[in-house]
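To start, the structure under review is shown below, and the notes come after it.
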Amino acid sequence: MNQTSDDAGIKRSDSRAGDDFRRILTNQLTYSLSKDMYSATQRDKYTATALSVRARIVKNWIECQQSYYKHDAKRLYYLSLEFLMGRLLKNYLINIDLLDEYREAMDVLAIKLEDTFEYEWDAGLGNGGLGRLAACFMDSMATLNYPAYGYGIRYEYGIFTQRIVDGRQTEAPDNWLRYGNPWEFPRPELIYPVRFYGRVETHSARTEWVDTSEILAMAYDYPVPGFRTNTVNTLRLWAAKSTRDFDFDYFNSGDYVKAVENKNNSENISKVLYPNDLSLAGKELRLKQQYFFVAATLADIMRRFGKAYDNLNMLPAKVAIQLNDTHPSIAIPEMMRILIDDHGLSWDIASKLTRETFAYTNHTILPEALETWSEDLIGHLLPRHLQIIQEMDRKFHIHVARRFPEEFDKACQMGIVTGDCGKVVNMARLAIVGSHAVNGVSRLHSELLKSHVFNDFYLMYPEKFRNVTNGITHRRWLLSANPGLASLITEAIGDGWTHDLEELKKIEPMAEDAAFRDRFNAVKKENKLRLYAAMDRVFNFTFETDFLLDCQVKRFHEYKRQLLNVFHVITLYNRLKEGRVPEGFVPRVVLFSGKSAPGYLMCKLIIKLIHNVSEIVAAHPLVKDKLQVVFVPNYGVTIAEVTIPAADLSEQISTAGYEASGTGNMKFALNGALTIGTYDGANIEIREEVGEENFFLFGHGAEEIFELRKQYEPKKYIEENKELAQVMHQLQSGFFSPEEPALFQPIVQALLDGDRYCVLADYSLYVACQEEVARAYSDRDQWTRRAILNTARSGKFSSDRAIHEYAKDIWDISPVTR
C-alpha cells in the first residue's frame with residue numbers, strides 16, 4: 001500500500017510515507033525509551049511500536065471526548081468486573097487501517113511486525129465469556145460511534161496463570177504488568193475516596209455514614225479506537241491505593257512489616273480477579289472489590305454529569321448505566337445513597353431516577369452464580385447500603401402485595417432480602433427491582449428467565465424483560481485471527497463484510513465452487529499448521545494436522561460437560577484397542593483448553609482425568625495413530641485466536657438450559673467449524689441460521705432436562721449401555737490412575753449420586769452424534785460445503801448487531817460522528 005493516515009485519520013497519498021513511519025518508530029525508541037539499535041531489546045521494539053500507535057490514536061481520542069460535550073450526547077456506561085481484551089497492537093493497527101504500513105516500516109527496527117506481537121502479554125483483566133463479551137462490545141460501540149465508556153478494575157495479577165504439573169492444574173500469579181503496559185494512561189488527578197465499615201447516624205433532616213475507613217481509587221485509561229472511524233472511546237479501570245502508604249512510627253520502631261501493612265491490605269482489592277471466596281475473608285474481599293469499582297465509577301459518572309447539568313432530573317436523559325451480570329449490582333443502592341444523602345433528594349424521586357438510569361444483563365440461570373451476600377457481611381462492610389436495601393425490600397413487598405393480593409406468601413418468596421436465621425441479600429433480584437430493563441443473552445435464556453428463574457418478577461414487570469442475543473466482533477475473530485480466510489472472502493465479495501457481517505451471505509453460492517472449496521481447505525490447513533507451530537514453540541508438543549481437529553476450549557465448569565467429551569474419548573479408546581472401529585471412523589485430535597476456578601475441585605479433577613487419559617491413549621500401539629488427546633494450558637484470547645481458525649469441529653455440549661448464550665460457538669462457526677451441540681443458549685439460533693443440516697444436534701432439550709430431573713435415575717443409563725458401564729468401571733477401578741486407584745472416585749460418586757448435569761442421560765446420544773460427525777467428515781468435499789455455509793450464515797452473530805439493539809431498545813442513545 002502506498003497510503004498512510006495522518007493524525008486526523010484521513011487518508012493521504014505520500015511517497016515518503018514509509019520513511020515517515022520509520023522516523024516515528026526510531027523517535028519512540030530514542031525519546032520514549034532512551035534506546036538505540038545497539039541497546040534495544042526485542043521487547044523495546046514492541047514497546048516503541050505500541051507507543052507510536054498509541055500516539056496516533058490520542059488526538060482522535062481527545063477530540064472524540066470533547067465532541068460528546070459539544071453534541072450534548074447521552075452516554076452509556078458499561079460496568080463489568082471483566083474486560084478480556086487480549087493483545088491490542090494488531091487489533092488497533094487493523095482498526096486505524098495501518099497494518100500494512102507498519103509491516104513495511106518495521107525493517108528500520110530489524111524485526112518483523114508479526115514478531116513484535118509475541119511480546120505483548122494478554123491483559124489479565126478477565127477469565128471467560130463475560131469478559132470477552134465486554135471487550136467485543138467496547139470494539140463495536142466505538143466502531144458504531146456510540147458515546148460509551150467501559151468501567152472495571154485494573155487487576156495487578158489477573159486471574160492466574162495456569163500451569164499443569166503431573167496432569168494437575170496449579171495456579172501462579174499472572175504478572176501481566178511486569179514489563180509495564182504501553183496502552184494505559186495513569187490519571188493520578190482522578191482519585192476518589194471509597195469508604196467502608198463505619199456506622200450510620202440519622203438526624204432529623206438527613207442520614208450520615210460516619211467513622212468510615214477509606215481506600216483511594218485511581219483511574220487508568222485505555223483508548224478504544226473504532227474500526228476505520230474517528231471515534232475513540234475510553235475504558236477506565238480502577239486501581240486501589242492506600243490513604244497511608246507508609247507509617248514512619250512503625251518503621252522507626254523497627255516494625256518494617258507493620259510500616260507498610262496498611263498499604264498492602266488496602267491495595268489487595270485490585271490485586272486479583274475473583275479471589276477465592278471459600279473463607280469469610282475471601283467473601284469480604286470480593287464484596288469489597290465490587291463496591292470499590294462501582295463507587296469510584298458512580299463518583300466519576302456524577303462528576304462528568306455535573307460538569308454539564310445542574311438538574312438531577314436530567315440524569316436518565318443523559319446517562320445510561322448497564323450492569324454486566326450481578327457483580328456490579330451494588331451500584332443501585334450506591335446511586336440511591338448519592339442521590340438521597342449527598343444531594344438531598346426524596347426516596348421516591350431518587351428511586352425513579354435510579355431505576356430509569358440502570359439496566360441489567362443476566363448471564364446465568366445457575367442459582368449459585370446469581371450471587372447472594374449475607375446481611376451481616378453487608379451491614380459490617382456497607383452499613384448505609386444495607387439500610388437502603390432493606391428499605392427497597394420493604395417497599396417492594398408492598399408493591400408485590402398489591403400486584404398479587406390473593407397470594408399472601410408471594411412477597412416473602414420474591415423478597416430482595418430472604419431467610420429467617422441468617423438473612424441474605426439476593427443481588428439479581430436487587431438488580432431487577434432497581435433497573436428499568438432486564439435482558440437475557442440468547443432467545444432460550446431470556447425465555448427461561450421469564451418462565452423459570454424469575455417467573456414471578458416477569459409477571460410483576462413484564463415490560464422490563466427482553467432479549468439481546470450476544471455477539472462477537474468479527475474484526476478480531478475473523479479479520480485479525482484468520483487473515484487467510486479474511487483475504488479469501490474479501491477477494492470474492494469485497495470488504496463490506498468488515499462493517500456489515502451480513503454481507504457474508506454473498507459467499508453462499510461459492511460453496512458449490514470447487515476452486516473456492518479448495519482454497520477454503522488450503523486456508524484451514526494453513527491454520528492447522530500455524531497452531532501446530534505455536535504448540536511446538538510454546539508448549540513443546542504437537543498433533544497430527546491431517547486428523548479431524550475436535551476442539552472444546554472454554555472455562556471449566558461441570559455444566560459445560562468437558563466430562564462428557566472425555567467419556568467419548570474413552571469410548572473411542574476402548575473401541576480402537578478392541579478392534580471395534582465403527583464404519584466411517586476418521587482419526588481425530590481432541591483438543592481441550594480452559595481454566596478451572598482454583599477452588600473448584602471437581603473441575604480440577606476432570607483436568608487431571610483428561611491428562612491421564614491422554615497418556616494412556618498415546619501409549620497404546622493400536623490407538624495412538626488414530627486418536628490424540630491434547631490439553632493446551634493457560635487458555636486465553638491469544639490461544640483462542642490461533643486455535644479457533646484451525647478447528648474442524650466445535651464442541652458446544654452444555655447441559656440444555658444451563659448455557660446462557662456462549663460466544664465461542666459463534667467464533668467457531670464464523671471461522672468455518674461445524675458445531676456438535678445441545679439445544680442450548682445461542683446454539684439454537686446458530687442452528688437456525690446455518691441450517692439444521694450443517695449442525696450436529698444431540699441430547700435432551702431444556703424442558704426435557706427439567707422434567708427428567710424430577711425422577712432421574714443415573715444408574716439406569718449405566719445398566720442399559722455396556723460402553724458407558726465400561727467407562728464407569730474403568731474410572732472406578734483405577735484403570736486411568738493405577739498408582740492412585742481411588743483418584744477419580746469423586747467423579748464416579750457425583751454421577752451416581754445425582755448426575756446434576758445429566759452426563760449419563762446424554763452419553764449415548766452424544767456418542768451416536770459423534771459417529772455421524774465422523775461419517776460426515778469422511779466426505780471432505782461435502783464437509784467443506786457445510787463449513788463454508790457456517791461462515792456465510794454467521795452474520796447475525798456480530799456484536800455490532802447486539803450493540804445496535806441495546807442502543808435502540810434499552811439505552812436510548814444515538815451515534816455521535818465528527
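The values are calculated or read from the model by the stated rules, or taken from the named source; none is laboratory data. Model, not experiment: these values are computed from the prediction. All Cβ positions, glycine included, derive from the backbone under ideal geometry; neighbour counts span all protein chains shown. The area values use the complete protein model at the heavy-atom level, side chains included, leaving out ligands, DNA and RNA. Shrake-Rupley method; radii C 1.70, N 1.55, O 1.52, S 1.80 Å.
Here the peptides 571-577, 728-734 are ranked by packing, the mean other Cβ count within 10 Å, and the order with the highest first is 571-577, 728-734. Computed over the alpha-carbon pairs of the range 546-599, the distance histogram in 10 Å steps reads 21, 46, 25, 8, 0 percent, short to long.
Remark on residue 465: its backbone amide H falls under 5 Å from those of 438, a criterion applied only to residues 5 or more positions apart or on other chains, H modelled at 1.01 Å from N. Seen from residue 377, the other residues with C-beta closer than 13 Å to its C-beta sum to a net charge of -1, counting Lys and Arg as +1 and Asp and Glu as -1. Three semi-axes describe the equivalent ellipsoid of the range 453-595; taken as square roots of 5 times the Cα gyration tensor eigenvalues and ordered largest first, they are 32, 29, 17 Å. Counting only aspartates and glutamates at least 8 places from residue 560 when in the same chain, those with an alpha carbon closer than 14 Å to its own are 651, 659, 680, 755, 762. For the chain, carbon and sulfur atoms together expose 50% of the accessible surface, with a 1.4 angstrom probe and every protein chain in place.
Taking the Kirkwood radius as Rh and the Cα radius of gyration as Rg, the range 639-689 has a ratio of Rg/Rh equal to 0.95. As a length-normalised measure over Cα pairs under 8 Å and 6 or more apart, the relative contact order of the chain settles at 13 percent.
Phi angles across the range 204-212 convert, under the Karplus curve 6.51 cos²θ - 1.76 cosθ + 1.60 with θ = phi - 60°, into 3J(HN,Hα) values of 4, 9, 7, 10, 10, 9, 10, 6, 8 Hz, Gly and Pro given as x. Amide H contacts for residue 472 (H built 1.01 Å from N in the peptide plane; partners 5 or more residues away or on another chain; cut-off under 5 Å): 798, 799.
At a probe radius of 1.4 angstrom, the accessible area of the chain per residue rounds to 39 square angstrom. Exceedance of the 21 Å cut-off in Cα-Cα distance is limited, within the set 307/808; 626/722; 450/796; 525/667, to 307/808; 626/722; 450/796. Our summary gives the range 422-543 a relative contact order of 16 percent, counting only alpha carbon pairs under 8 angstrom and 6 or more residues apart. Sorting 426-437, 485-496 by average packing, meaning the other beta carbons within 10 Å per residue, from highest down gives 426-437, 485-496. Ordering 681-689, 199-207, 533-541 by mean Cβ neighbour count within 10 Å, with the highest value first, yields 681-689, 533-541, 199-207.
The DSSP beta bridges internal to the chain are antiparallel in roughly 45% of cases.
In loop segments of the range 373-461 as defined by DSSP, the chymotrypsin sites (Phe, Trp or Tyr not before Pro) with at most 12 further C-beta atoms inside 10 Å of their C-beta are 408. Taking amide H atoms as placed 1.01 Å from N in the peptide plane, the amide H of residue 596 lies under 5 Å from those of 556, each 5 or more residues away in sequence or on another chain.
Phi angles of the range 193-200 translate, via the Karplus equation with coefficients 6.51, -1.76, 1.60 and θ = phi - 60°, into HN-Hα couplings of x, 10, 9, 9, 6, x, 8, 10 Hz per residue; Gly and Pro are given as x. Karplus-derived 3J(HN,Hα) values for the range 335-350, using 6.51 cos²θ - 1.76 cosθ + 1.60 with θ = phi - 60°, are 5, 4, 4, 4, 5, 7, 7, 8, 10, x, 6, 6, 4, 5, 5, 4 Hz; glycine and proline are entered as x. Using the Cβ-Cβ distance between residue 708 and residue 107 with R0 = 60 Å, the FRET efficiency computed as 1/(1 + (r/R0)^6) comes to roughly 0.40. Counting each DSSP H run of 4 or more residues in the chain as -39500 (n - 2.57), what helix-only mean residue ellipticity at 222 nm follows after dividing by all residues, to the nearest 500 deg cm²/dmol? Rounded to the nearest 500, it is -13500 deg cm²/dmol.
Between the alpha-carbon centers of the range 298-318 and the range 137-196, tell me the distance in whole angstrom. First find each Cα centre; the distance between them is then 27 Å. Spherically averaged projected area of the convex hull of Cα atoms, the range 613-738: 10.4 nm². Using the Cβ of residue 127 as centre and a radius below 10 Å, the other residues enclosed give a net charge of +2, where K and R count +1 and D and E count -1. Other residues whose C-beta falls under 9 angstrom from the C-beta of residue 222 contribute a net charge of -1, scoring Lys and Arg +1 and Asp and Glu -1. Gain on full extension, evaluated as 0.36 nm per residue between residue 771 and residue 409 minus their Cα-Cα distance, stands at 125.2 nm. Derived from the Cα gyration tensor, the three semi-axes of the equivalent ellipsoid of the chain are 41, 36, 27 Å, largest first.
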